[in-house]
Amino acid sequence: LKPQMFAEGDVLCDRDFPVPVVTSFQARIRVLDIKMPLLKGQELVLHTKTTHEQVTLSMLVAVVDPKTQETVKKKPRCLTRNQTALVDIICPRGICLEKYSDVRPLGRITLRDQGMTLAVGIVSELLLPSTRV
């Protein structure tokens, strides 16, 4: 194997245990100290261990209590500073991700916009359709 064979976002894995390539997933995020709320349909830059991609917040599923993980509010209109929430995210191109509970390094994400980190989180579910490489 030569380094020239790989591009940004590529993940080298075992043929018997391939890494999923997903275009949508659900994440549990912690919104940082932001000035403007996060809204459904907002486009952000997703940073993972392997790549960064333009993504869309397709659905704000629920605001959850950070300690008990119980749902506080379903389908919120927006997410404000210091909230913990479940969100669905859509990627126009497939990216290699795993659930945080399965592979921690491939399950951590950061959401940024215009050079500012807005939220950090973990991948909680891989939504269909996904393929394995």
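The values are calculated or read from the model by the stated rules, or taken from the named source; none is laboratory data. All of these numbers come straight from a predicted model, not from anything done at the bench. Every residue, glycine as well, gets a Cβ built from its backbone with ideal geometry; the counts of neighbours run over all protein chains shown. Surface accessibility is based on the protein's heavy atoms, side chains included, excluding ligands, DNA and RNA. Shrake-Rupley method; radii C 1.70, N 1.55, O 1.52, S 1.80 Å.
Just to confirm the filter: which GluC sites (Glu not before Pro) across the range 56-133 are DSSP coil and have at most 11 other Cβ within 10 angstrom of their Cβ? The qualifying sites are Glu70. Taken one residue at a time, the phi angles of the range 17-31 give Karplus couplings (6.51, -1.76, 1.60, θ = phi - 60°) of 10, x, 7, x, 10, 10, 10, 8, 7, 10, 10, 9, 10, 10, 6 Hz. Gly and Pro are set to x. Here the convex hull built on the C-alpha positions of the chain has a volume of 112 cubic angstrom per residue. Accessible surface area normalised per residue over the chain is 63 Å², counting heavy atoms of protein chains with a 1.4 Å rolling probe. Computed over the chain, relative contact order equals 36 percent, with contacts defined as Cα pairs under 8 Å that lie 6+ residues apart. As a fraction of the 1.4 Å probe accessible area of the chain, surface on carbon and sulfur atoms comes out at 53 percent. Of the three principal axes defined by the Cα atoms of the range 1-40, the extents in descending order read 46, 23, 15 Å.
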